[in-house]
């Protein structure tokens, strides 16, 4: 799940003049909203909810400009992970994560017991997505999502998300709460509407899964996402390792092509057991080895001679949240720092 918040922040500023008159225009937007309304109606959304949203909705050229400004193909040069790590696993996020971890220890212990996901991992997601709620986005979500659906590049995705947003309102989420990133994500964990409907938790039993202002609901909702994505209780996400001289990296290159995020997964080695990695001379940089039967892949984001990690299946769960090696690795490293 890619929130789009980072892109929105990076591109915050004056909208270019060209964005005020996109090629697709606004003429058909009202008609397109009627198609979305019919779809929502067919999926059981109440008529009053539909009209309360679409009757005053206007096309937003700014979100379309943001969407069209995203990178569209593979990059010829992969940047260094280390520079990314310094800005995402920074002293501020570490300190605030540790403070929340200490102040909310009983709450986090309950989340860990119920969902099987470590509290530091949950906090690291929150820290990465919105810096623990410091900035959750200011775009009107119905307007943004409807405009992205109308644009057409990802019409089916955003049409589904618009209907899901109407269902949220139908189930009691106040319309005024629905602000977020230009790409449709919102709240502390930057969920899309369909994700909110699927995994958001009302941890305190007040009748609303409040991922905007409620810490208990936020942490439980992130943990539920991870459990739903297949997090394995008691398994680490990965750990740093030292590579021996003369290690044959070519023999460990993967031959698999992932149907999802292939550019991300192709950078990982073949799967091997911990026992096999030990036999190959790999040594953990700190701590002890996990179970010899555990499967892991080797990842050297900045190439030979730079830090390396063995990654487990739980790392793939972090990738399910945002399919970026830099993101997932930084989440794991931030979680490690929070827990120290």
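Tell me the residue from 280, 335 that is surrounded by fewer than 19 Cβ atoms within 10 Å (Cβ to Cβ) and touching a helix residue (DSSP H, G or I) at 6+ places or on another chain (Cβ under 9 Å), please.
Only one candidate passes the filter, namely 280.
Among the residues of region 244-283, write down those that are in a helix (DSSP H, G or I), at pLDDT 95 or above and closer than 23 Å to residue 331 by Cβ.
Answer for region 244-283, where residues must be in a helix (DSSP H, G or I), at pLDDT 95 or above and closer than 23 Å to residue 331 by Cβ: 274, 277.
For residue 241, all conditions in the list (1) under 13 Å from residue 310 (Cα atoms); (2) at pLDDT below 95 hold save one; what is the number of the exception?
(2)
Tell me yes or no: at least one residue of region 311-322 is under 17 Å from residue 80 (Cα atoms) and either assigned by TED's automatic domain parsing to the domain that holds residue 245 or in contact with a strand residue (DSSP E or B) (Cβ under 9 Å, 6 or more places away or on another chain) (or both).
Scanning region 311-322 turns up no residue that is under 17 Å from residue 80 (Cα atoms) and either assigned by TED's automatic domain parsing to the domain that holds residue 245 or in contact with a strand residue (DSSP E or B) (Cβ under 9 Å, 6 or more places away or on another chain) (or both).
Is it the case that some residue within region 6-17 is part of a loop (DSSP other than H, G, I, E, B) and either at pLDDT 50 or above or in contact with a strand residue (DSSP E or B) (Cβ under 9 Å, 6 or more places away or on another chain) (or both)?
No: zero hits.
Please determine whether any residue of region 66-88 is at pLDDT below 95, buried (at least 17 other Cβ atoms within 10 Å of the Cβ) and under 19 Å from residue 141 (Cα atoms).
Among the residues of region 66-88, at least one is at pLDDT below 95, buried (at least 17 other Cβ atoms within 10 Å of the Cβ) and under 19 Å from residue 141 (Cα atoms), which makes the answer yes.
Here is a yes/no grid of residues against (1) surrounded by fewer than 20 Cβ atoms within 10 Å (Cβ to Cβ); (2) in a helix (DSSP H, G or I):
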residue: 158; (1), (2): no, yes
residue: 165; (1), (2): no, yes
residue: 176; (1), (2): yes, yes
residue: 188; (1), (2): no, no
residue: 204; (1), (2): yes, no
residue: 219; (1), (2): no, yes
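Identify the single condition in (1) outside any loop (DSSP other than H, G, I, E, B); (2) touching a residue at least 40 places away in the same chain (Cβ under 8 Å); (3) under 21 Å from residue 54 (Cβ atoms) that residue 223 does not satisfy, given that it satisfies every other one.
Residue 223 satisfies all of (1) outside any loop (DSSP other than H, G, I, E, B); (2) touching a residue at least 40 places away in the same chain (Cβ under 8 Å); (3) under 21 Å from residue 54 (Cβ atoms) except (3).
For region 145-156, name all the residues that are over 16 Å from residue 50 (Cα atoms), under 20 Å from the mean Cα position of the chain (by Cα) and crowded, with 22+ Cβ neighbours inside 10 Å.
Once the filter is applied, which keeps residues that are over 16 Å from residue 50 (Cα atoms), under 20 Å from the mean Cα position of the chain (by Cα) and crowded, with 22+ Cβ neighbours inside 10 Å, region 145-156 yields only 148.
Quick one: which helices (runs of 4 or more DSSP H) lie wholly within region 60-137 and hold at least 2 residues that are in contact (Cβ under 8 Å) with a residue 60 or more places away in the chain and more than 19 Å from the chain's Cα centre (by Cα)?
61-68, 91-103, 105-115
The values are calculated or read from the model by the stated rules, or taken from the named source; none is laboratory data. Keep in mind the model is a prediction, meaning the values are calculated, not measured. All Cβ positions, glycine included, derive from the backbone under ideal geometry; neighbour counts span all protein chains shown.
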